[in-house]
Amino acid sequence: MRPAVNVKSVTSNVGWSILSKTSTFGLKFVTVPILARLLSPQEFGAVAVALTVVQFLAMIGGAGLTSALVIQRDENMETVHSVFWANLAISCLMALGLFLSADLFAAFLGAPEAAPLLRVMSFLIPLQLGGDVAYALLARRMNFSKDAVWSMISESLGAVVAVVMALFGWGVWALMAQLFVSALVRLCGLFAVSHYRPRLVFQLRRVLALSRFSLGMMGSEVANFITFQSPMVVVSRALGLADAGAYSAANRFASIPNQIVLSAVMGVLFPAFSGMMDDRERRSQALMFSTQVTTVLLAPMMFGLWAVAEPAMRVLFGPQWAYAWPVLGLLALSKGILTPCSTFIPYLKGAGHGRALFWSAIIRAVATTAAVAYGASTGGLTGAMIWLCIVNGLTLIGYSRVVFRADGRPFLKGLAISSRPMLTAFVMALAVRLLLNAGAELLPNPVLQILAGAACGGVIYAGLIFLTERPLLLKIHQLVKKPRQDRTQGTG
């Protein structure tokens, strides 16, 4: 049976996931700038383009079967084993196809130099898919603490290996080693903590029984993947590997706050919303509360990075990347616009609105690809990022309409409540940017500019949030206070 889903279990698991992502943030905060100084934009671009293909094939290779495992009421081991062997067989076929067709894929992406990397990276596909079943079992059991520990260990070892190899002149292979070390260590860790041991059991009918849900999920995941990765492909084909490398470096750094909060929350909320399938009122309350909390946490990081993008690019990445600071700022801005959508995808998945999720993802993928392509053709890399911001603003409105309609909540009211912390964060960031521009002569050092911007932004945002989100803050305080009271009563 599935474990009970309540505020305590969700909060605990979100906490563990955020701890995991925070450790990853700390590592990438250090390693991405170091690697950017040791490697060229072309090397970053080659690995980023190759990784796009590998991630896409790994995603469709799983066919959404492990997501289907998460929402099953009972943990049937015959089904689990069948999914494992189906995943493994598909992933091996994907890897073989990529290995043999590496030149074709690299040419299509406008990066023929990446073909040798694609051949090596094809072996990542079985490594990534091999642990999906073990992770699905942990997600079903709402046991994210164990996954969090191994995520931290795998990311740490991968980062250390990459930096050491880059220092010794291994170039692009340092990035490759980071991917393989992290994937292998996490694979071993997932099997260890889930206590899952594959057995030679395969029943096709059990796999087919999951396919209706899994194929729908795969379709939406493919569309979401295209949304996130199409800018890299468009930039590589239209503008070359140097601009692709600049985009990759800026996107890696701008995505760090997302990896801390967004990916941690989404991973927990999918099984949590699934566990509330039969309780619409509780699910609706959880949707709004989780949306507000994640926006309060994530929006100031993204908009704050936009405010200090210019000095941040010079300090963190060095002079060879200084020209790309508008790209970093616009990427942070584009991600900040979408912060209220942080809980929408897991809500639609967990509440069983697969069709709405699928068509929303398709429309978003087409719009994003078209907008970035138009921007790249008319305004280069900066133009592509401007159009990405525009299409993300439209995406916020579209996703909000779909989700609040599915939830039975008035659209404008839901949009106002969920987006209010985002608008507050934007006001803060705008104030910080104006203050930094006004005090440019007093703070010529970029390090001082970043520190001053962070300090001013923190004070301004804290004051604005206290004024605009007092009911939310009170609710959070009550949730934090209740476990303490329970512990006190238990020991009394």
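Key figures for this structure:
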quantity	calculated
Linear extension gain, Trp359 paired with Leu412, 0.36 nm per residue minus alpha-carbon span	16.9 nm
Hz values of 3J(HN,Hα) by residue in segment 444-458 - Karplus curve (6.51, -1.76, 1.60), Gly and Pro given as x	x, 7, x, 5, 5, 5, 5, 5, 5, x, 5, 5, 5, x, x
Burial order of peptide ranges 117-128, 311-322 (average beta-carbon count within 10 Å, highest first)	117-128, 311-322
Counted charge near Leu396, where neighbours are those whose Cβ lies closer than 14 Å (Asp, Glu -1; Lys, Arg +1)	+4
Gained length - Val315 relative to Leu96, 0.36 nm times residue gap less alpha-carbon distance	74.6 nm
For Ala183, net neighbour charge (Lys/Arg +1, Asp/Glu -1) across residues whose Cβ lies under 15 Å away	-2
Estimated distance in nm for a label pair at Arg237 and Val149, the labels positioned 7 Å out from Cα along Cα-to-Cβ	4.6 nm
Calculated FRET value between Asn437 and Ile390, using beta carbons and R₀ = 35 Å, to 0.05	0.90
Segment Leu104-Gln42, extension gain: residue separation times 0.36 nm, minus the distance between their alpha carbons	20.4 nm
11 Å beta-carbon shell around Leu241, net charge (K/R +1, D/E -1)	-2
Pairwise label distance in nanometres, Arg197 with Thr468, each label 7 Å out on the Cα-Cβ vector	5.5 nm
Residue list for segment 435-461, given a label point 7 angstrom along the Cα-to-Cβ vector of Ile476 and an amide N cut-off under 14 Å	458-459, 461
Protection proxy ranking of 155-167, 464-476 - average other beta-carbon atoms within 10 Å, highest first	155-167, 464-476
Under the Karplus curve 6.51 cos²θ - 1.76 cosθ + 1.60, θ = phi - 60°, whole-Hz ³J(HN,Hα) for segment 94-103, x wherever Gly or Pro sits	4, 4, 5, x, 5, 4, 6, 10, 4, 4
Ranked packing of 445-456, 171-182, 231-242, most packed first, by mean Cβ within 10 Å	231-242, 171-182, 445-456
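None of the figures in this text is laboratory data; all of them are computed from the coordinates on show. These numbers come from a predicted model, not from an experiment. Heads up, the Cβs are rebuilt from the backbone with ideal geometry, glycines too, and the neighbour counts pull from every protein chain shown.
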